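Derivation of every value follows stated rules applied to the coordinates shown; laboratory data play no part. Here the structure is a predicted model, which means the values were calculated and not measured. With ideal geometry, Cβ positions are generated from the backbone for all residues, glycine too; neighbour counts draw on all protein chains shown.
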């Protein structure tokens, strides 16, 4: 017993190393399997507030650019107003007279923490469950899709961005609506992602828009990027292609969280069907 | 003694601040991302007991993790760093010199020793960190490139900061 104690105290550095290393790895692996189930992340009070404070300062630096993009977006939206269309057919009248029920609502949020150069990237937003953000909502910005909400606290939300190994969103080619899905490429480049599983009959062209399909969290037709290269090995029965992402993730400032009013109803119905089978 | 604690506390806060709010946003061609905060662990006094060293390394790692949203990742790498530090110092430094040389800084230990020390420890830390982060061996060469270039960047920053606070040997 005494010899054992002498042995342990002589090599105490190694045994301390083992103990601490194992506990650090346990924390790491536990966190890996339960996405964001721990409290050590940037949506807790201290780090979240610090980030918010620093971000206020950063905000001043890019005010001009944000103003420009907002003005441009305003102009674009004004173009879509009914009043700016000249109504010349009866059909159009019918369309405008129809009563729609609103399916999607948007919550504007500010990005207060962001990363693009790691193999799994997350963003933190300054809106949380108090503002109506819940887990699983999609996030877009004026140029395209951003990601999906994975963790929410009262005032902050953490978003798993498109630049994440586990991100997968349903997408389609804008021209002939061939469905596939986009995910981030293997080479950790924030400007590129990959569109996979498009049917062999599709004839994609370089420069063609890739947009969301409406099967997932996002409304149909939100841009993702443009096809930039077709030379990616496919899975035999399907085509894969490289897409140049339209959003510059390193310069994100304001984003919209998409609230799908029918999401609960849809997932409830689909769960029902699964249970019956 | 209390002076050493104060200096290290200030160093901890400043390094974490620099890492989280400045260096986190810097990356060279997506291949080189510096992790400069490990300088805190490198510069702890020689006489730090092993247990305290591991506890400090663990706390440092977790603090960075809290800001990087990666619980445990930096902590694990820092613990390895602390262990390599103990081994490296026990091999290269004689125990008798401790009274005159309280801290392994550039100005006290000389350029050659400090450069080797920083390079070896940084390589261990970055290698472990990047492979643990990607958690697979598919992009082997790519990640190895990231490890090497990031390490060079980090060591470069360490040498700059070492020269910035360079003092002629002062013995009391």
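Structure notes:
- Shape category assigned to the protein assembly as shown from the gyration tensor of Cα positions, a/c cut at 1.5: prolate
- Exposure proxy order (Cβ contacts within 10 Å, fewest to most) of B:111, B:88: B:111, B:88
- Take each peptide in B:143-155, A:148-160, count the other Cβ atoms within 10 Å of every residue, and average; sorted highest first, the result is A:148-160, B:143-155.
- Chain B: most fluctuating residue of B:46, B:127, B:17 per GNM, C-alpha cutoff 10 Å: B:17
- In degrees, nearest ten, helix B:73-92 long axis to first principal axis of chain B (Cα): 40 degrees
- Take the Cα of residue B:52, step 7 Å toward its Cβ, do the same at residue B:88, and the gap between the two points is 2.1 nm.
- Using a simple spin-label model with pseudo-atoms 7 Å out from Cα toward Cβ, residue A:105 and residue A:7 lie 6.7 nm apart.
- 12 Å reach of a label modelled at residue B:7, 7 Å along Cα-to-Cβ, counting backbone N of region B:43-60: B:43-47
- What the Cβ-Cβ distance of residue A:30 and residue A:56 gives, at R0 = 45 Å and to the nearest 0.05, is a FRET efficiency of 0.85.
- Note on B:6-15: average number of Cβ atoms from other chains within 10 Å of each residue's Cβ is 0.
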